[in-house]
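Colleague: Have a look at this one.
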Amino acid sequence: MKIKKRFFKGVLALSVMGVALNLLIGCSSNSGTASTSSSKSSSLDNIRDNGKLVVGMSADYAPYEFHTIIDGKDQIIGFDVDVANEIASSLGVELEIREMDFGMLLAALQSGKIDMVISGMSPNAEREKSVDFSDVYYKAVQSILVLDRNKDIYTNLEDLANKKIGVQMGAIQARIAEEQIENANITELTKVDQLITELKSGKIDAVVVEKPVAETILTTNEDLFLTEIPVKYDDGGAAIAVKKGSSDLLDEVNNVINGLISNGKIDEFVVNANAMVSN
């Protein structure tokens, strides 16, 4: 009898332990399911839940985005800001601009510090490995700036062989210079105005930059010259970067972009931004 009682008690204890274990496993499983469900929240849902669209920009690239003083306050303006405002308005949220160096933008997007990048960024195969891009909203021609006194010295790409060429760090102009200028000695700096300072001081011989940016620079730098040297770049054009797999957000962004292009708003934004730079 004692043996049977002990046996019964042992079975009962094991049964109780089994039930408890099942409950624990069930709770753990449910917890995991909730976490998975939560992690599947879309970028678009998160933006709407937060009530704001956080856009990363490198605000040293007029007329795309740049600093100016309005009513005594330093503000970031430009046609990229106009595009960002249109997207935020379409989503029914506020716009927050987060400024950082151009080379840090994609890392910030991947880590979730920003919702998208709108900063005159061109899609390319390397970038598309880590982020998704919208349709191109603006296509600009690449160009080369030199000192005005050297405009007759540098008239073609061959003249720039073995010279010091300045480009913005992380931008596509570095690859353009490498591929099209023989033995180019490339200097990469974080900001375009740093490149212009280096050019004017004679530390570099030329700067590769988008034409609208170059034209804007010329408005306040009469000692510089915009060459007519042809620069090839078939993938040119500015697009908006979002996290990989953010298809719902990308659809919304593309709808806004296509609307702005079809009604001529993008061209209007570019004209207005250039006018603001000149003032």
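The values are calculated or read from the model by the stated rules, or taken from the named source; none is laboratory data. The shown structure was predicted, so the numbers you read here are calculated from the model rather than taken from an experiment. Here the Cβ is made from the backbone with ideal geometry for all residues, glycine too, and neighbour counts use every protein chain on show. Surface accessibility is based on the protein's heavy atoms, side chains included, excluding ligands, DNA and RNA. Shrake-Rupley method; radii C 1.70, N 1.55, O 1.52, S 1.80 Å.
Colleague: For the stretch 57-81, how many residues are part of a loop (DSSP other than H, G, I, E, B) and either in contact (Cβ under 8 Å) with a residue 12 or more places away in the chain or not charged (D, E, K, R) (or both)?
Modeller: Residues of the stretch 57-81 that are part of a loop (DSSP other than H, G, I, E, B), as a first pass: 58-59, 62-64, 71-72, 78.
From what is left, the residues that are either in contact (Cβ under 8 Å) with a residue 12 or more places away in the chain or not charged (D, E, K, R) (or both) are 58-59, 62-64, 72, 78.
The number of residues fulfilling the criteria is 7.
Colleague: Considering only residues that are more than 27 Å from the chain's Cα centre (by Cα) and either of a type in the set (A, V, I, L, M, F, W, C) or open to solvent by 60 Å² or more (accessible area, probe 1.4 Å) (or both), which ones fall in the stretch 211-228?
Modeller: If the condition is that a residue be more than 27 Å from the chain's Cα centre (by Cα) and either of a type in the set (A, V, I, L, M, F, W, C) or open to solvent by 60 Å² or more (accessible area, probe 1.4 Å) (or both), then Glu222, Asp223, Leu224, Phe225, Glu228 are the ones that fit.
Colleague: While we're here: When the residues of the stretch 229-265 are filtered to those that are of a type in the set (A, V, I, L, M) and farther than 29 Å from Ile47 by Cβ, which remaining residue is least open to solvent (accessible area, probe 1.4 Å)?
Modeller: Per the stated criteria, the residue is Ile229.
Colleague: Looking only at the stretch 189-233, which residues are modelled with pLDDT of 95 or more and of a type in the set (Lys, Arg)?
Modeller: Within the stretch 189-233, Lys200, Lys203 qualify.
Colleague: Is it the case that some residue within the stretch 137-153 is under 13 Å from the mean Cα position of the chain (by Cα) and either at pLDDT below 95 or buried (at least 18 other Cβ atoms within 10 Å of the Cβ) (or both)?
Modeller: Checked the stretch 137-153: no residue is under 13 Å from the mean Cα position of the chain (by Cα) and either at pLDDT below 95 or buried (at least 18 other Cβ atoms within 10 Å of the Cβ) (or both).
Colleague: Got a sec? Which of Asp45, Asp60, Asp49 is modelled with pLDDT of 50 or more and either closer than 20 Å to Ser134 by Cα or in contact with a Cys (Cβ under 6 Å, 6 or more places away or on another chain) (or both)?
Modeller: Testing whether each residue is modelled with pLDDT of 50 or more and either closer than 20 Å to Ser134 by Cα or in contact with a Cys (Cβ under 6 Å, 6 or more places away or on another chain) (or both) leaves just Asp45.
Colleague: Mind listing whichever residues of the stretch 156-165 are at negative phi and either open to solvent by 80 Å² or more (accessible area, probe 1.4 Å) or part of a helix (DSSP H, G or I) (or both)?
Modeller: Scanning the stretch 156-165 gives Leu157, Glu158, Asp159, Leu160, Lys164.
Colleague: Just checking, which of Ile114, Ile87 is among the aliphatic types (A, V, I, L, M), open to solvent by less than 70 Å² (accessible area, probe 1.4 Å) and outside any loop (DSSP other than H, G, I, E, B)?
Modeller: On the way: Ile114 fails: outside any loop (DSSP other than H, G, I, E, B).
Result of the check over Ile114, Ile87: Ile87.
Colleague: Which one is least open to solvent (accessible area, probe 1.4 Å), of the residues in the stretch 180-209 that are assigned to a strand (DSSP E or B) and either in contact with a Phe, Trp or Tyr (Cβ under 8 Å, 6 or more places away or on another chain) or of a type in the set (Ser, Thr, Tyr) (or both)?
Modeller: Ala206
Colleague: If we keep just the residues of the stretch 44-81 that are of a type in the set (Gly, Ala, Ser) and crowded, with 16+ Cβ neighbours inside 10 Å, which is nearest to Ala108 (Cα to Cα)?
Modeller: Restricting to residues being of a type in the set (Gly, Ala, Ser) and crowded, with 16+ Cβ neighbours inside 10 Å, the top hit is Gly56.
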